Amino acid sequence: WCGLSLMAAAYQRMVDGSDAPDNDTSCAWPRLVKLMELFDARDTDALIKLHELTAGGGADTLAAMLGSSGTRGLLGDTADIAQRQLVFGANAFKEKEPKTYLELVWDALHDAVLIMLIVLALVQLPTELLFAHDPSTAWIEPVALLMSVAIIVNVSSITDYVKERQFIALARRVDASNKKVVVRGGEQREVADAEIVVGDVLAFNAHNLASLPCDGILLSGTDVKVDESSLTGEPEPMVKAGSDPWLISGTSVVS
């Protein structure tokens, strides 16, 4: 294991010209831009880039360069996982902040019908007060119209406010319960999608990993087929093997 780590660190300095401290384990990992280049192409050019990045070693060598292996996976200690999240980022989209109540009120006031009602009430109020036969009651209709608009806006805003937060809570529960099997320290563990890091080895089949939670590369498998129709429109499942080992986030494993 130490020999692999040293060779990877030397190769990294050769490729990127970096000279990270020897006690910084992240210097052994391929840079994020290098990994992204593989998935930008996902064709023959990507295989050439993989060959260049690993000096002809292929997917297993790439795993070793990332401090992992197909059989034992990552070490799985907390410090290593945290460092990988720091270097490569978390496997999750940044959660969008929900709108505040005042923002929802402002959005509701942009409704064309409500704008017309407000304008009508504001024009009607001084007109009725100036020209009505009984000014003491002339204000009732336009004020009632404005109050109706206020009620509609507040009810709509409260409904949207509650709905947004219920949706966020539901999404968090789904994310927390949606776990995948990874190999860490030679043992299989279940982790949430957001806890998967670069270098993790996922054990999957058509039953326990219907939807791929991240981009990856196939290390081993038999008759692996992936439905990529959501990305390419191709109706037939794509066979994954040495000539096409790329696994794309959001696609579905069918066999």
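Throughout, read-outs are computed from the coordinates displayed, never taken from laboratory work. As the structure is a prediction and not an experimental result, all values here were calculated from the model. Heads up, the Cβs are rebuilt from the backbone with ideal geometry, glycines too, and the neighbour counts pull from every protein chain shown.
Comparing Lys96, Lys225, Lys179 in a Gaussian network model of the chain, where Cα atoms under 10 Å apart are tied by springs, the biggest mean-square fluctuation is seen for Lys96. Simple rule: put +1 on each Lys or Arg Cβ and -1 on each Asp or Glu Cβ in the chain, find the dipole, and look at Val149, Asn91, Gly73; the Cα lying farthest toward the positive end is Gly73.
For the chain, the 222 nm mean residue ellipticity estimated from helices alone, with every DSSP H stretch of n ≥ 4 adding -39500 (n - 2.57) and the total spread over all residues, rounds to -15500 deg cm²/dmol.
Work out the charge dipole of the chain with +1 on the Cβ of Lys and Arg and -1 on the Cβ of Asp and Glu about the Cα centre, then indicate which of Ala192, Gly216, Ile140 is farthest towards its positive end. So the residue furthest toward the plus end is Ala192. Normalising the average separation of contacting C-alpha pairs (under 8 angstrom, six or more residues apart) by the number of residues puts the relative contact order of the stretch 203-255 at 51 percent.
Computed over the stretch 203-255, the Cα gyration tensor eigenvalues convert (square root of 5λ each) into semi-axes of 15, 13, 11 Å, ordered from largest to smallest. Using the Cβ-Cβ distance between Ala92 and Met147 with R0 = 30 Å, the FRET efficiency computed as 1/(1 + (r/R0)^6) comes to roughly 0.10.
With all pairs of different C-alpha atoms in the average, the Kirkwood value for the hydrodynamic radius of the chain is 22.7 Å. Normalised by the number of residues in the chain, the average gap of Cα pairs under 8 Å and 6 or more apart makes the relative contact order 18 percent. Taking His51, His110, His133 in turn, the Gaussian network model of the chain (Cα-Cα springs below 10 Å) assigns the largest fluctuation to His133. Dividing the mean sequence gap of close Cα pairs (under 8 Å, 6+ apart) by how many residues the stretch 101-175 holds gives a relative contact order of 39 percent. Which of Asn178, Asn154, Asn91 moves most in a GNM of the chain, Cα contacts under 10 Å? In this elastic network of the chain, the residue with the biggest mean-square fluctuation among Asn178, Asn154, Asn91 is Asn154. The charge dipole of the stretch 48-146, taken about the Cα centre with unit charges on the Cβ atoms of Lys, Arg (+1) and Asp, Glu (-1), comes to about 620 debye, rounded to the nearest 20. Quick one: Debye curve from the alpha-carbon atoms of the stretch 101-175 only, equal weights, vacuum; give me log10 I(q)/I(0) at q = 0.14, 0.18 Å⁻¹ to two decimals. Log-scaled intensity ratios, in q order: -0.57, -0.75.
The dipole here belongs to the stretch 134-255: it is taken about the Cα centre, uses +1 on the Cβ of Lys and Arg and -1 on the Cβ of Asp and Glu, and is about 440 debye. In this structure, Lys163 and Val123 have a Cβ-Cβ separation that, at R0 = 22 Å, corresponds to a calculated FRET efficiency of about 0.05. Straight-distance candidates among the lysines for linking to Lys34, with alpha-carbon spacing under 25 Å and chain neighbours fewer than 8 residues away dropped: Lys49, Lys94, Lys240. Net charge dipole, the chain: roughly 600 debye, given to the nearest 20, about the Cα centre with Cβ charges of +1 for Lys and Arg and -1 for Asp and Glu.
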